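Colleague: Got a structure for you, questions after.
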Amino acid sequence: QVQLVESGGGLVRAGDSLRLSCAASVRIFSSYCMGWFRQAPGKDREFVAAITWSGQSKYYADSVKGRFTISRDNAKNTVYLQMNTLKPEDTAVYYCAADTSRINSIARYVKNWGQGIQVTVSS
């Protein structure tokens with residue numbers, strides 16, 4: 001069973017930065033690909049970023065490319081999402097995701113989720 005706990009969300013102004021963390025309670029963290037999704041009110045959950053087992057490959061949604069960076073520390077069982085130059089349209093609940101195969105960009109195919117954390121960006 002995979003338990004994922006997000007932290008680091010909050011209220012910031014446009015142009016600010018935030019770093020989200022997701023701590024995973026799993027036996028072998030490096031066996032999982034990790035990802036981040038987000039869901040704004042009234043919208044579907046959408047893919048944000050993903051990283052493969054060793055961190056060698058990273059994938060981003062076009063809307064965050066160049067502003068967000070996903071990384072992982074396998075020694076700490078933690079994945080991060082560094083969010084720079086935040087925009088009001090980045091406001092959403094952010095969810096950590098884990099899967100033993102590559103993270104599918106379609107949310108309904110993802111097997112393990114955190115509880116989510118709110119990020120609010122004011123203009």
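The values are calculated or read from the model by the stated rules, or taken from the named source; none is laboratory data. In this text the structure is predicted, and so the values were computed from the model without any measurement. We place every Cβ from the backbone using ideal geometry, glycine too, and count neighbours over all the protein chains shown. Note: accessible area is taken over every heavy atom of the protein model, side chains too, but ligands, DNA and RNA are not part of it. Shrake-Rupley method; radii C 1.70, N 1.55, O 1.52, S 1.80 Å.
Colleague: Working only within region 53-77, note down all residues that are open to solvent by less than 20 Å² (accessible area, probe 1.4 Å) and part of a strand (DSSP E or B).
Modeller: 68, 70
Colleague: Also: Within the set of pairs 6+ apart or on separate chains, which have a first residue in region 36-58 that is free of Cβ contacts under 8 Å to residues at least 12 places away in the same chain and farther than 15 Å from residue 6 by Cα, a second that is open to solvent by less than 40 Å² (accessible area, probe 1.4 Å) and of a type outside the set (Gly, Ala, Ser), and C-beta atoms under 6 Å apart?
Modeller: Listed pairs, sorted by first residue: none to list.
Colleague: Here's a follow-up. Being crowded, with 18+ Cβ neighbours inside 10 Å and over 15 Å from residue 33 (Cβ atoms) is true for just one of 92, 50. Which residue is that?
Modeller: 92
Colleague: Could you tell me whether region 103-121 includes any residue that is assigned to a strand (DSSP E or B), open to solvent by less than 30 Å² (accessible area, probe 1.4 Å) and within 11 Å of residue 35 (Cα to Cα)?
Modeller: no
Colleague: Go through region 18-50 and count every residue that is among the β-branched types (Val, Ile, Thr) and within 19 Å of residue 116 (Cβ to Cβ).
Modeller: The qualifying residues number 2.
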